[in-house]
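Beneath this line is the structure, given in structure tokens, with notes to follow.
The values are calculated or read from the model by the stated rules, or taken from the named source; none is laboratory data. All values derive from a computational prediction rather than experimental measurement. Reconstructed Cβ throughout: ideal geometry from the backbone, glycine too, with neighbour counts over all protein chains shown.
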Amino acid sequence: MIKKAAKTRLIVICGATATGKTAVSVEVAKKINGEIISCDSMQVYKKMDIGTAKVTKQEMESIPHHLIDIVSVSESFSAAKYKELALMAIEEIKNKGKEPIIVGGTGLYLDTLLLNANFSTVSKDEDLRKSLYDLEEKNGKGYLKKMLAEFDPLMADKLPENDLVRLVRAIEVYKLTGITKTEQNKRSKEIKSDFEPIIICLGYKNREKLYENINKRVDLMIENGLVQEVESLKNEFGENKTALNGIGYKEILGYLNGEYSLNDAINMIKQGSRHYAKRQITWFKRYENATFINVDETPDVPKATLDILSKYGIL
RNA sequence: GGGAGAAUUCCCGAGCGGCCAAAGGGGGCAGACUGUAAAUCUGUUGCAUUAGCUUCGGUGGUCCGAAUCCACCUUCUCCCA
């Protein structure tokens with residue numbers, strides 16, 4: 001296969017939670033002299049191991065993994081930060097003459113690399129955000145949407161009045177930079193990516209099987225001590241950190257606070273994980289030039305993955 | 001054994017004579033997504049997809065007309081024994 005030489009090829013293994021990305025990626029890395037760059041918004045946090053199903057030392061089989069355990073729960077992280085660090089890691093691995101492999105399920109972070117999303121230069125402004133939320137609260141539903149419409153009608157039009165997260169960010173960007181969110185997005189899209197990704201997406205043909213798998217995995221997390229993990233994070237960092245908003249963490253926190261039983265918490269985690277997987281599937285479906293592997297009907301997934309890679313001239 | 005009540009669409013749960021294929025929530029399905037993303041938000045959900053057809057435990061009634069009223073049957077819950 002002939003590639004455009006101008007772009008750098010980049011191997012990506014993505015897929016919903018519980019599809020076996022970790023194991024496959026390690027196998028592949030061993031075969032192609034690769035190193036793994038995680039693309040997971042929760043595994044970046046230290047001490048969040050069980051609930052994020054983080055790769056263990058043994059599972060790594062001495063394949064280097066990047067962007068795991070890089071920030072404390074007390075720090076804030078972002079897609080923009082991820083992009084920056086991932087680019088550095090890619091560079092570093094390439095310089096060693098090895099093959100970087102992006103592995104993970106956080107769609108936004110992936111896009112950040114693959115589309116070269118160029119985020120607004122402004123980071124979040126907590127005070128501004130809080131005051132905007134207060135305004136909506138005081139003046140009623142739709143207030144922020146109307147406010148945004150005054151200077152960025154295009155964006156306001158796209159966002160439902162309930163999508164406060166995006167409404168607030170759109171207003172924030174404008175207030176802090178004088179540039180409209182619409183304009184900001186447009187500029188970002190004009191910059192093309194330097195990468196030519198080879199995307200392999202793992203999934204299940206049979207959705208029920210995926211869901212069963214997720215359920216089992218949650219039970220295993222509990223057996224492995226999720227409750228204790230959350231408890232110690234709570235003691236160390238308090239419970240209002242963004243990181244502890246992750247699935248498995250927020251539910252256990254509720255249980256620890258006596259809001260409901262452990263069993264209820266477990267069911268909530270399963271439910272939340274299934275919903276999450278569904279969202280991931282929706283996201284990855286958009287990757288039109290990705291190759292999809294149905295894990296539940298492929299006997300040897302690592303081999304199937306390598307076969308695909310060899311078609312692209314790797315190996 | 002006697003008494004009171006309940007059975008609604010995948011689940012929970014409104015409806016209590018027409019405006020009901022039936023509120024609302026959950027779940028399912030589908031979608032969005034550019035510095036919180038494991039977050040946040042949207043649509044859809046009896047079948048046929050026009051007309052129309054079949055639903056509200058079962059059977060039979062009343063009525064122009066019933067998920068809603070009556071009778072009996074079945075199952076369940078609660079109370080007194």
Scanning the stretch A:280-313 residue by residue, those out of contact with any Ser or Thr (no Cβ under 9 Å at 6 or more places or on another chain), outside any loop (DSSP other than H, G, I, E, B) and free of Cβ contacts under 8 Å to residues at least 24 places away in the same chain turn out to be A:282, A:285, A:303, A:307, A:310
Take the stretch A:137-156 and flag every residue that is modelled with pLDDT under 95 and either touching a Gly at 6+ places or on another chain (Cβ under 8 Å) or within 13 Å of RNA strand B (Cβ to nearest atom) (or both).
A:141, A:142
Within the stretch A:263-296, how many residues turn out to be surrounded by 14 or more Cβ atoms within 10 Å (Cβ to Cβ) and either within 22 Å of residue A:227 (Cβ to Cβ) or polar (S, T, N, Q) (or both)?
14
Qualifying position, being acidic (Asp, Glu), more than 16 Å from RNA strand B (Cβ to nearest atom), within 21 Å of residue A:213 (Cβ to Cβ) and at pLDDT 95 or above, among A:307, A:296, A:300:
A:300
Taking interchain pairs and intrachain pairs at least six residues apart, which have beta carbon atoms under 6 angstrom, with the first residue in the stretch A:102-119 and of a type in the set (Ser, Thr, Tyr) and the second surrounded by 24 or more Cβ atoms within 10 Å (Cβ to Cβ) and part of a strand (DSSP E or B)?
A:106/A:39; A:109/A:39
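Consider the stretch A:189-209. How many of its residues are of a type in the set (Asp, Glu) and crowded, with 16+ Cβ neighbours inside 10 Å? Full working, then the answer.
At the first step, the residues of the stretch A:189-209 found to be of a type in the set (Asp, Glu) are A:190, A:194, A:196, A:208.
Narrowing further to those that are crowded, with 16+ Cβ neighbours inside 10 Å: A:196.
Within the stretch A:189-209, residues that are of a type in the set (Asp, Glu) and crowded, with 16+ Cβ neighbours inside 10 Å number 1.
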Are any residues in the stretch A:94-115 touching a strand residue (DSSP E or B) at 6+ places or on another chain (Cβ under 8 Å), of a type outside the set (Lys, Arg) and more than 8 Å from RNA strand B (Cβ to nearest atom), and if so, which ones?
A:99, A:100, A:101, A:102, A:103, A:104, A:110, A:113, A:114
